[in-house]
1. Would you pull out the residues with amide H under 5 Å of residue 89's amide H, same chain only if 5 or more places away, H placed 1.01 Å from N?
2. Calculate the spin-label point distance for residue 27 paired with residue 80, positioning each point 7 Å from the Cα along the beta-carbon direction, and give it in nanometres.
3. Within straight cross-link reach of residue 27, meaning Cα distance under 30 Å, which lysines are found once same-chain residues fewer than 8 apart are removed?
4. Treat each spin label as a single point 7 Å out from the Cα along the C-beta direction, and report the residue 70 to residue 49 distance in nm.
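Nothing in this text is a laboratory measurement; each read-out follows from the coordinates by a stated rule. Bear in mind the structure is a predicted one, so any value in this text is a computation, not a measurement. Don't worry about glycine lacking a Cβ; one is built from the backbone with ideal geometry, like all the others, and counts go over all protein chains shown.
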Amino acid sequence: MTTRKLVNFTAIITLAALIGSCSLWRKETKVTMTDLPAPVRTAVQKTTAGSTVTQIEKIESGGKVTYEVEYRKDGQDHETYFAEDGTIVKGVQ
């Protein structure tokens, strides 16, 4: 292997390791209301009162967990994101 090829190979391996360990990694898992931590469940119930919850996803990204709740209220679809403590967040943390 020439020196240039070795440098390129090393750079690619290093970049792959960084990407694999940084916040670009994201895992989404469908969950139910009973799977939610108590503070999140309480906040979801309050936020979605009078509506139909259609889907809940647990999103793990950058070492943090966010819950995406999709629901239908008054004929319109909505989605709200919750942090693990039940606070509403704008997007995935």
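1. Under 5 Å from the amide H of residue 89: 81, 82, 83.
2. 2.7 nm
3. Straight-line reach from residue 27, under 30 Å: 46, 58, 64, 73, 90.
4. Roughly 2.6 nm, to one decimal.
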